[in-house]
Amino acid sequence: MLYYWLRAIVRYRAAIGIIGFAYTKVWPVQMPYPSEGLLNTYLGDFTPQKIYWLSIGIVPWYQVFAGLVELSSGVLLLFRRTTTPGAILLFAALGDIVYVNFAYDGGVHVYSSYFVLFAAFLLVKDVPKLYRLFIREQFTVPVNFDISFRAKWLRYTRVGLKALVIGLFLFVFRL
């Protein structure tokens, strides 16, 4: 029972954090298009992180695509049945970002690594079954972490809290 609730907390924390990251990329404001002043600056005056961000800022649709991948992983993590695909997307997308942060001294090494660890934690129970399915090509049954909410008020509370979290991100935190 405690493991179920720990997974739920990790799922929601990862979902909330990655959706927040995604909003700065879906509307490309995290890595803006380089201004004329930046284009006239000597290359040696830039930090490696700034050079990388400017190279991504030149291609805003790549930034939007990365934001949509992060947003998709966050939305998938909000639901128990789609936790595994959401964690795989989160692990893949943030694994790349962790690598870039270490390679270009991005400054958010710990925070992006935090999400990779969350994704790894959510995937650890599924790895043997994914290995059996994709590598050994054997029949497998997905891991089931469902808890039955028998009381009607518990079901409504769970759905209401989930709707509140989604509503906050869609309407309040995006402003």
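The values are calculated or read from the model by the stated rules, or taken from the named source; none is laboratory data. Owing to the predicted nature of the structure, the values given are computational and were not obtained by experimental measurement. So basically every Cβ, Gly included, is an ideal-geometry build from the backbone, and we count neighbours across all protein chains shown. Just so you know, the surface numbers come from the protein's heavy atoms only, side chains and all, with ligands and any DNA or RNA stripped out. Shrake-Rupley method; radii C 1.70, N 1.55, O 1.52, S 1.80 Å.
For the range 45-57, does any single residue satisfy the condition of being more than 24 Å from L161 (Cβ to Cβ), touching a helix residue (DSSP H, G or I) at 6+ places or on another chain (Cβ under 9 Å) and small (G, A, S)? Looking through the range 45-57, at least one residue is more than 24 Å from L161 (Cβ to Cβ), touching a helix residue (DSSP H, G or I) at 6+ places or on another chain (Cβ under 9 Å) and small (G, A, S). Here V159 meets the list (1) farther than 30 Å from T47 by Cα; (2) open to solvent by less than 40 Å² (accessible area, probe 1.4 Å); (3) modelled with pLDDT of 80 or more; (4) part of a helix (DSSP H, G or I) almost entirely, failing just condition (2).
Listed conditions (1) surrounded by 14 or more Cβ atoms within 10 Å (Cβ to Cβ); (2) not in a helix (DSSP H, G or I) are all met by Y52, apart from (2). Of all residues in the range 36-47, those that are closer than 16 Å to I58 by Cα and without any contact (Cβ under 8 Å) to a residue 40 or more places away in the chain have Cβ atoms under 9 Å from Cβ atoms of residues that are assigned to a helix (DSSP H, G or I) and basic (K, R), 6 or more apart or on another chain, in L38/K50. Residue under question is S73, and the condition is that it be more than 19 Å from Y4 (Cα to Cα), without any contact (Cβ under 8 Å) to a residue 12 or more places away in the chain and hydroxyl-bearing (S, T, Y); does it hold? So S73 fails the test. Taking (1) assigned to a helix (DSSP H, G or I); (2) of a type in the set (A, V, I, L, M, F, W, C); (3) open to solvent by 80 Å² or more (accessible area, probe 1.4 Å) in turn, F139 satisfies each apart from (1). Here is the figure for the range 81-99: residues that are farther than 20 Å from P128 by Cβ and surrounded by fewer than 14 Cβ atoms within 10 Å (Cβ to Cβ) total 1.
Scanning the range 55-68 for residues that are farther than 14 Å from V100 by Cα and open to solvent by 40 Å² or more (accessible area, probe 1.4 Å) yields a total of 7.
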